[in-house]
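Nothing in this text is a laboratory measurement; each read-out follows from the coordinates by a stated rule. These figures come from a predicted structure and were not determined experimentally. Cβ placement follows ideal geometry from the backbone for every residue including glycine, while neighbour counts extend to all protein chains displayed.
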Amino acid sequence: MILGAGPIVIGQACEFDYSGTQACKALKEEGYEVVLINSNPATIMTDPDLADKTYITPMTPELVEQVLEKERPDALLPTMGGQTALNLAVALAESGVLEKYGVELIGAKLDAIKKAEDRDLFKQAMKTIGIKTPPSGIGNTLDECIEIAHEIGEFPLIIRPAFTLGGTGGGIAYNKEEFETICKAGLAASLTRQVLVEKSLLGWKEYELEVMRDLADNVVIICSIENIDAMGVHTGDSITVAPAQTLTDKEYQRLRDYSIAIIREIGVECGGSNVQFAVNPVDGEVMVIEMNPRVSRSSALASKATGFPIAKMAAKLSVGYSLDQIPNDITKKTPASFEPSIDYVVTKIPRFAFEKFPGSQPILTTQMKSVGESMALGRTFQESFQKAVRSLELGYSGWGCAQVKELDWDWDQLKYGLRVPNPDRIHAIYAAMKRGMKVDDIHEVTDIDKWFLTQLKELVDIEQYLLSRSLSNLTKDDFYEVKRRGFSDKQIAFATNSTEKEIRKKRLSLGVKPAYKRVDTCAAEFEANTPYMYSSYDFECESAPTQKRKVLILGGGPNRIGQGIEFDYCCCHTSFALQDAGYETIMMNSNPETVSTDYDTSDRLYFEPLTIEDVLNIIDLERPDGIIVQFGGQTPLKLALPIQQYLDEHRPTSASGAGLVRIWGTSPDSIDAAEDRERFNAILKELQIEQPKGGIAKCEDDALSIAKDIGYPVVVRPSYVLGGRAMEIVYSDDKLATYLENAVEVDPERPVLIDKYLSDAIEIDVDALADSNGNVVIGGIMEHIEQAGVHSGDSACSLPTKTIPPSCLATIRSWTTKLAKRLNVCGLMNCQYAITLSGEVFLLEANPRASRTVPFVSKAIGHPLAKYASLVMSGKSLHELNFTNEVVPRHVSVKEAVLPFEKFQGCDVLLGPEMRSTGEVMGIDYEFPVAFAKAQIAAGQKLPLSGTVFLSLNDLTKPHLERIAKAFLDLGFKIISTSGTAHVLELAGIPAERVLKMHEGRPHAGDMIANGEIQLMVITSSGDALDSIDGRHLRRMALAYKVPIITTVAGALASVEAIRSLKSSSIQMIALQDFFDEEAIKTLSNKRLQSVSPSL
Amino acid sequence: MATVNYAVRCFVTNPSAKNPSKPRPFVVRCSVPLSPSHDASTAVQERPWKVADARLVLADGSIWRAKSFGAPGTQVGEVVFNTSLTGYQEILTDPSYAGQFVLMTNPHIGNTGVNFDDEESRQCFLAGLVIRSLSISTSNWRCTKTLGDYLAERNIMGIYDVDTRAITRRLRQDGSLIGVLSTEQSKADEELLEMSRSWDIVGVDLISGVSCNAPYEWINKTNSDWEFNSGGRGGDKFHVVAYDFGIKQNILRRLASYGCKITVVPSTWPASETLKMNPDGVLFSNGPGDPSAVPYAVETVKEIIGKVPVFGICMGHQLLGQALGGKTFKMKFGHHGGNHPVRNLRNSRVEISSQNHNYAVDPASLPEGVEVTHINLNDGSCAGLAFPSLKLMSLQYHPEASPGPHDSDTSFEEFIQLMKQAKQAA
């Protein structure tokens, strides 16, 4: 049995899908029957054909025990699913469950896990083998922590909770007050109520080594990683480089010796581990910071950086192989018992989402906050760094050659931006260098090693040189010098005051083209045909493109909120399906955490930034038959038009000789028609599809008159950003004016969209599939639990729908089909609808591309939609795929979002039109309440079965109060409320205890939370000034004390149902495959099935 | 496949490709041309990079434009690549590289400068250094000098900004190549090519050029900062005579750390003199070039084996092989790196080893009684021998590391055991 990592959260992302998928494949290859548990439907690993039994179910010890009892596996592999799996394994081992069912823990034994994760045991172990750790102490209470702080004697101090993920609950304290706050949070976050208080090694250099050991005690180091950000920034939030650049052999070998001694002492008997070191730049003193006895984000990075598949090897080692018995995956001829040598430089840069969490400070500390990362390979640090910066897709085409905001800052502000680690620090460095600050001085404030700073300084010098030249007098050699330092055409255009197109033209006319190099684990020492490639501007290109029929798939780039693993899932499925259909698939992506960037997912892999320059370079080189832009989210979609333009201009023929290079699927023009508000409105009018009233405001007066016309509440958002950024629901003129003043700028260039907000409407998500003959099949119709207005990505949803009348569903089906035909969709389309209380249907949005819900729907209905879509795009019809009818399963699937509020101190936890969830879970059962309950448990909401419910509803939702309160009373809960809500309850004759609001005096609701007197909270926010202080504080407290908090009426009602079902019967764990086996027997014919429209 | 394509591309501009018997050089353009740019504007800022001023001409006819550092001049030598990620200073001072151009596959070289501790011999014997990127700064608390200054002082040539991976792939496919490195613009490509073709490393005695001239005592142990294996030292002190065929000092440091008293002797030191010193053991060191070029050394080895315990490392291993009647042969491109897996057949453990050799012993040619103790897992070649009845052990690779992993350090302990047993038996 393999344990997955559950939903994507900060610090635990799709790298564990990558490792889990590799493990499943490796063990099945060895002939083992694999049982998998993972609550995350968006993963490749939970595809029903990857394991023999796939449990997309909650992952609590009790429920996993049920699966153990049912499946009786021989062994449990807990090292592939991050901290989630490791903690779960510890719980199962300690409670004796594993022993009870005779299950052997493989990969890491209980003792080893505890020795590595328990801060005290780890320190002791290091002492035994004579390796230094920072002066520190272990505290189990706040008083103990304070005492340790006294002993260490100076601030800053680092607080590291035991058994947590990504440093959750930890931080750096610069004073006593801060120290106490962080210690409290850390003690709460730790599974064992234990924190390590440690002397800060701020300014020391940080290194990581990835180690592997087999059962025969052979140990190898896979990769060394050097952090550019010095100690004090979580390694997941640091910019990192592989291999280590500033160590001599003696120093490196010392770290290697230590790593080997550590993995032996901790007793990780086989598999991969990660060891982190701090090195004093003044005298080379080494201290070990921590080790993870499992595959990690760093090991995913190391795998992609070296070509050595750590997770796959770890899985094989766990069943008894030794390293020398396994061939090196890439050379095939040499054994895996070696240490990769690389002849390039890898840079990883994390990507953040602070803007989505107002109230939180964009400061980087020991608690990880990044939501994704880009990686780039180059022959030199400069090349890989610049590529990594442009891979981030944050509007920079590289480092420098840009008008960054930091250039306008005053020196104080700039120095603060340098001194305090933050996501934009690299741009502050650029600004400081541009303004003449010396490398030594920048090193002084940033603690960044001068080696890296000097490299960056040279880039600024090159920029200065370019600024003094015009494009016409750049020679071929100039181009080579500049391109080898990673400058993009766009940067050169900026510096030479020309356009990207002109640069490309000139560059190609001089014959300056990228040369692609291969990643081969051995620096070219042995022959390797693995087609894992990156671009350089060196002499020899090793790409050797084929003349087969082939398809280029553009991936989704770095993970971010709103664009993550779901899209990677789609890209992988596309690759698998088209490979099966006989095409050579070529993947292009820049995200090291993903399955898509595994070199054996596609026939060829280009680890490259997803910018127009880099994509066109590959199109020129490969000349594929098809280019697929539909599956990677917004990233490739944004490239669709410029690619189309290029293809129209140059009309390249495909290498296979089968015709022109084309973008497959829905045309970029149709994609644009769906995104361009005015074109889209015209189409809807023509098709007689209703949408909420609205308008485009080009000034404040416009906005107010539109709002007056359609009536409040209205949804306002800027027209030029996507994904719900800065979207708000506004209830009055005042608020609208405030919004226009503060949140966005409104002018004719950047209009603001104003739409009627449909209060209490139910939102519907539809995924549909269309072929080039105009056949349309609905993939799934999902009913959102939360009302319209909550971003669909943050809302729970149910498939099939629960409360929607057939007439509305009929409208939705007919509109979706009409629209797909009108837009000539070929592939997937996602539509969002709202249904008002009176049963009116409105179309909110249509996206002619794969949506976030595709993996969920595919698993719910048992049909791989992304695969179908890619085949449809290759020219197959839905008839040929035998997918002609909408499938409405008998079982109910519920998706729930997982939110990262606990990582962002100070931000509110309310859901809104801006998406903030990082991941999702799925619950499946035959009844909605049970499926919903499973999803809640999986999402970490510990729904109480009894106790006290705190109710506080705003005026808009007060009409629902009675129903909610009565339902909780029926279930035996006690109700407490603050004045307003309590008053309404009393009027309705419902017993409720009153409690003071936070500002009214004490004891107040917050005290009750702290005292454990509240088990569940239902709060709908009034959104007024008081609420944004008082209410937010209370909600943050609930979060801190892990009291489940529900912020919508629909969520409350669904939770009531779930609690009722939990009280009446226990949850049954059912494997995904079993839902369909059973259905196959019953061959349900559902009345609601819709037949395919005949082709036109 | 790829190289074929690109080789063709290179030859397209070269009409003489039709005449393979006498291929003319083709130019691999790797950087700025030697001629000044035709840009007339003088007000423009100067280019913030060095202009190419050197050539590497390989015997296969390829010419690689590059930028020079270190010493100027013209040098001929055999090009070998080394895949170690760290340890360029140790490599530069390893006498085994005498007569060779070392190409480092790790692109960034010079990042940590050079320092006092990391020298493996008193000077640099290699012919030159070929790298992708020369560090523009140094970062290390031990650094005393930049790599460029260091090489210039020692009169060693270096080139950078050349596609080292492309050259490595050539060496892998075609085997080691002779090359000429030159900063002299007056020399024509053809002249340099001719130089490379008329030079041969096979059969050349490079050892006499790197060995010490007179015996001396060695006392330095591994510096306590870098000592990594402090357990398991017996109280006995053994006297070891170490033949210097180009010995790396870390071999001596490791023996000293294991408690040995060491006398280093020149390669030509007669066996009889050595035996007169009454040593507990004799070590035959690493060294450059072809073992067949030094028959006198093989004779010395022959005279010593069987009389005292002996330990051969690298060249020493090959000499032992020949002395036992075995054959050595030149490998296609040899082993040069710090990541080679070797199986120690006696305990079946895998050691990650530091390797640097172009010649190997053919185990099939060895007489009965010789035991192959270590095998290189990458290609199955012989990596270690023992002849227990002769108290003989040898390794083809470098247990002293420096640079490289410390996995095989235990072999020094084995040598100590061998001497101990011999002493007890006596």
Note to self: Please compute one quarter of the surface area of the Cα convex hull for the protein assembly as shown and express it in square nanometres.
What the structure shows: 56.9 nm²
Next item on the list: Mind checking A:981-991 for the average number of partner chain beta-carbons within 10 Å of each residue's beta-carbon?
Entry: 0
Item checked: MRE, 222 nm, helices only [DSSP H, n ≥ 4, -39500 (n - 2.57), over chain A, to nearest 500] -> -11000 deg cm²/dmol
Notebook entry, point to check: Ranked by Cβ crowding within 10 angstrom, fewest neighbours first, how are A:K405, A:K70 ordered?
Noted result: A:K405, A:K70
Note to self: How would segment A:944-1043 be classified by its alpha-carbon gyration tensor: rounded, prolate or oblate, with rounded meaning a/c under 1.5 and the a/b versus b/c comparison settling the rest?
What the structure shows: oblate
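Within a 10 angstrom radius of the beta carbon, how do B:H317, A:H983 rank from fewest other beta carbons to most?
Working: B:H317 28, A:H983 13.
Listing B:H317, A:H983 from fewest to most nearby Cβ atoms yields A:H983, B:H317.
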Note to self: For the ranges A:114-124, A:293-303, what's the packing order if you count other beta-carbon atoms within 10 Å of each residue, average per peptide, and put the highest first?
What the structure shows: A:293-303, A:114-124
Check: How big is chain B on each of its three principal axes, counting only the C-alpha atoms and giving the largest first in Å?
Finding: 83, 50, 39
Checklist line | Coil-residue chymotrypsin sites (Phe, Trp or Tyr not before Pro) of segment A:902-956, DSSP, other Cβ within 10 Å capped at 15 | finding: A:Y926
Item checked: Sparse-neighbourhood loop sites, GluC sites (Glu not before Pro) in segment B:326-426 - DSSP loop, at most 15 other Cβ within 10 angstrom -> B:E368
Next item on the list: Round to the nearest 0.05 the FRET efficiency obtained for A:K28 and A:T803 when R0 = 35 Å and r is the Cβ-Cβ distance.
Entry: 0.25
Check: Order of A:328-338, A:644-654 by packing, highest average Cβ count within 10 Å first?
Finding: A:328-338, A:644-654
Check: Of all the C-alpha pairs in segment A:203-379, what % are more than 25 Å from each other?
Finding: 34 percent
Check: Rg (Å, one decimal) plus Dmax (Å, integer) for the alpha carbons of segment A:547-664?
Finding: 13.0, 40
Checklist line | segment A:98-162-segment A:347-402 distance, computed between alpha-carbon centres (Å) | finding: 31 Å
Notebook entry, point to check: How much length is gained on full extension from A:L394 to A:D1007, taking 0.36 nm per residue of separation minus their Cα-Cα distance?
Noted result: 216.4 nm
Next item on the list: Among B:S257, B:L56, B:T138, flag the residue with its Cα farthest along the positive direction of the charge dipole of chain B, charges on Cβ as +1 for Lys/Arg and -1 for Asp/Glu.
Entry: B:L56
Notebook entry, point to check: For segment B:93-190, which chymotrypsin sites (Phe, Trp or Tyr not before Pro) are both in a DSSP coil and crowded by at most 10 other Cβ atoms within 10 Å?
Noted result: B:F116
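Residue by residue through A:444-454, how many Cβ atoms from other chains fall within 10 Å of the Cβ on average?
2
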Notebook entry, point to check: Which pairs in the list A:K333/A:K476; A:K312/A:K517; A:K506/B:K187; A:K434/A:K476 are over 30 Å apart, alpha-carbon to alpha-carbon?
Noted result: A:K333/A:K476; A:K506/B:K187
Item checked: Sequence-distant aspartates and glutamates (8 or more away, or on other chains) whose Cα lies within less than 17 Å of A:K438 -> A:E406, A:D410, A:D412, A:D447, A:D449, A:E458, A:D461, A:E463
Notebook entry, point to check: Among A:I619, A:I349, what is the fewest-to-most ranking by other Cβ atoms within 10 Å?
Noted result: A:I619, A:I349
Check: Measuring from centroid to centroid over Cα atoms, what is the spacing of segment A:196-215 and segment A:624-679 in Å?
Finding: 46 Å
Notebook entry, point to check: For segment A:762-925, what is the Kirkwood estimate of the hydrodynamic radius, computed as the reciprocal of the mean inverse distance between distinct Cα atoms, to one decimal in Å?
Noted result: 16.3 Å
Next item on the list: Answer with one residue from A:F631, A:Y207, B:G306: the one whose Cα lies farthest towards the positive end of the charge dipole of the protein assembly as shown, charges on Cβ with Lys, Arg +1 and Asp, Glu -1.
Entry: B:G306
Next item on the list: Rank-order A:83-89, A:879-885 by packing density, defined as the average count of other C-beta atoms within 10 Å over each peptide's residues, highest first.
Entry: A:83-89, A:879-885
Notebook entry, point to check: With a ≥ b ≥ c the root eigenvalues of the C-alpha gyration tensor of segment A:1-78, is it rounded (a/c under 1.5), prolate (a/b larger than b/c) or oblate?
Noted result: oblate
Check: List the lysines whose alpha-carbon lies under 25 Å from that of B:K420, not counting same-chain residues fewer than 8 positions away?
Finding: B:K221, B:K237, B:K248, B:K261, B:K276, B:K302, B:K307, B:K391
Check: Taking the Cα centre of each part, how many Å lie between segment A:999-1038 and segment B:300-318?
Finding: 83 Å
Next item on the list: Mind checking which lysines have their Cα closer than 21 Å to the Cα of A:K100? Skip sequence neighbours fewer than 8 apart in that chain.
Entry: A:K70, A:K109, A:K114
Note to self: My understanding is that a pair violates if its Cα-Cα distance is over 20 Å; which of A:K802/A:K934; A:K250/B:K330; A:K942/A:K1063; A:K250/B:K332 do that in this structure?
What the structure shows: A:K250/B:K330; A:K250/B:K332
Notebook entry, point to check: So, with +1 on the Cβ of K and R and -1 on the Cβ of D and E, and no other charges, what is the size of the charge dipole of the protein assembly as shown about its Cα centre, to the nearest 20 debye?
Noted result: 1940 debye
Note to self: I need the calculated FRET efficiency for the pair B:D149 and B:E191, taking r as the beta carbon distance and R₀ as 30 Å, to the nearest 0.05.
What the structure shows: 0.50
Note to self: For peptide B:329-341, what's the mean number of Cβ atoms from other chains within 10 Å of each residue's Cβ?
What the structure shows: 3
Checklist line | Size of electric dipole in segment A:386-540: Cβ of Lys, Arg +1 and of Asp, Glu -1, about Cα centre, debye, nearest 20 | finding: 620 debye
